[in-house]
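Chemist: Supplied in structure tokens, the structure appears directly below.
The values are calculated or read from the model by the stated rules, or taken from the named source; none is laboratory data. Source: prediction; values computed, not measured. For neighbour counting, all protein chains shown are included, and Cβ atoms are generated from backbone atoms with ideal geometry for every residue, glycine included.
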Amino acid sequence: MLNAIIDEISVNERLLLSDIKFKIEQNKIYSVLGSNGSGKTTLIKSLSGLLDKRFYSVKGKVFYKELDLLSAGYEQMLSIRRKKIKYVFQDAVNSFDHLKKFEYYFKLTAGKDSELENLLDYFLLPGVEKLFRLYPYEVSGGMAQRISFVLALLADPEILILDEPTSGIDSAISNLFLLKLKEFASIQNHTALLVTHDIKFAKKISDEIAFISKGKFYNFVPALKFFENENIIINNFLTLDISF
């Protein structure tokens, strides 16, 4: 479904990550673990050209089906981001235009009214009448993250990419995310890729896990293998500066 072969990612000519090769397939949940500042967000933004090209350089290829996303045109990428690959970023509040009410974003997204109401209710969000009148600066970071997730689900993408989905939310909401992500990935032609430092969440939700340490990408392995007691991968990972 997505095949990434990235030689290097750099910022202002300083190498951040290199030698990245992985493939994600449908009906699975993939997690990339790493400490804060390890490059997780940079990696996922590089996949569909979301990094600022004035500062960042990405060398390699990222194939979505037969299209190389790194060489695709602007309009082509806009279409893919609207319909096929959706992101939910950690800084959800600032991913919205603060001068536009949430109504603006939901009107841009396809989906049945009943589906929207069900998702808002599921994530303990205000109903349409109240939510549509709110501006992004009027909600908390955790609430904005849930709204972003709802918008992404309504778009029914093939690939859903999430940046630190459990940051700023409590354990009850985290469980709602977990169940809904599992449901999403079970649908034909769907898959999810998330980056996180929350190893407990990754253990509960992932089919395969990779991690980043000191600029190196350690490729995906089945979650059960990753968490084997004698596994050198997890033993090395547990020595990183990560909050559990």
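Chemist: Do you know which residues across segment 84-99 are in a helix (DSSP H, G or I) and either among the basic types (Lys, Arg) or surrounded by fewer than 20 Cβ atoms within 10 Å (Cβ to Cβ) (or both)?
Modeler: If the condition is that a residue be in a helix (DSSP H, G or I) and either among the basic types (Lys, Arg) or surrounded by fewer than 20 Cβ atoms within 10 Å (Cβ to Cβ) (or both), then ASN94, SER95 are the ones that fit.
Chemist: Hey, another quick one. Kindly evaluate TYR122 against the criterion of being more than 22 Å from ASN175 (Cβ to Cβ) and either crowded, with 18+ Cβ neighbours inside 10 Å or touching a helix residue (DSSP H, G or I) at 6+ places or on another chain (Cβ under 9 Å) (or both).
Modeler: Spelling it out, it is not the case that TYR122 is more than 22 Å from ASN175 (Cβ to Cβ) and either crowded, with 18+ Cβ neighbours inside 10 Å or touching a helix residue (DSSP H, G or I) at 6+ places or on another chain (Cβ under 9 Å) (or both).
Chemist: Can you pull out the residues in segment 175-197 that are surrounded by fewer than 21 Cβ atoms within 10 Å (Cβ to Cβ) and more than 21 Å from PRO157 (Cα to Cα)?
Modeler: ASN175
Chemist: Scan segment 132-149 for residues that are surrounded by 22 or more Cβ atoms within 10 Å (Cβ to Cβ) and among the β-branched types (Val, Ile, Thr) and jot them down.
Modeler: Of everything in segment 132-149, just one residue is surrounded by 22 or more Cβ atoms within 10 Å (Cβ to Cβ) and among the β-branched types (Val, Ile, Thr), namely ILE147.
Chemist: Given the condition without any contact (Cβ under 8 Å) to a residue 12 or more places away in the chain and not polar (S, T, N, Q), answer yes or no: does some residue in segment 81-101 qualify?
Modeler: No: zero hits.
Chemist: Here is a further query. So which residues in segment 185-201 are in a helix (DSSP H, G or I) and of a type in the set (Gly, Ala, Ser)?
Modeler: ALA185, SER186, listed by residue number.
Chemist: Moving on to the next point. Check segment 92-111 and report whether any residue there is in contact with a Gly (Cβ under 6 Å, 6 or more places away or on another chain) and under 17 Å from PHE184 (Cβ atoms).
Modeler: No, segment 92-111 has no match at all.
Chemist: Being surrounded by 14 or more Cβ atoms within 10 Å (Cβ to Cβ), of a type outside the set (Val, Ile, Thr) and over 19 Å from VAL221 (Cβ atoms): is that true of SER38 here?
Modeler: No.
Chemist: Could you tell me whether SER31 is surrounded by fewer than 20 Cβ atoms within 10 Å (Cβ to Cβ) and not in a helix (DSSP H, G or I)?
Modeler: The answer is no for SER31.
Chemist: Kindly provide the set of residues from segment 200-227 that are among the polar types (S, T, N, Q) and touching a Ser or Thr at 6+ places or on another chain (Cβ under 7 Å), ordered by number.
Modeler: Hits for segment 200-227 are SER206, SER213.
Chemist: Identify the residue in segment 190-241 that is of a type in the set (Asp, Glu) and modelled with pLDDT of 95 or more and, among all such residues, is nearest to ILE9 (Cα to Cα).
Modeler: The qualifying residue nearest to ILE9 (Cα to Cα) is GLU208.
Chemist: Further, regarding this structure: Take segment 102-148 and flag every residue that is closer than 16 Å to PHE177 by Cβ, hydrophobic (A, V, I, L, M, F, W, C), in contact (Cβ under 8 Å) with a residue 24 or more places away in the chain and not in a loop (DSSP other than H, G, I, E, B).
Modeler: LEU119, LEU120, ALA144, ILE147 - these are the residues of segment 102-148 that are closer than 16 Å to PHE177 by Cβ, hydrophobic (A, V, I, L, M, F, W, C), in contact (Cβ under 8 Å) with a residue 24 or more places away in the chain and not in a loop (DSSP other than H, G, I, E, B).
Chemist: Sticking with this structure for a sec: Could you please give the count of residues in segment 41-80 that are under 20 Å from the mean Cα position of the chain (by Cα) and either surrounded by 17 or more Cβ atoms within 10 Å (Cβ to Cβ) or in a loop (DSSP other than H, G, I, E, B) (or both)?
Modeler: The total comes to 21.
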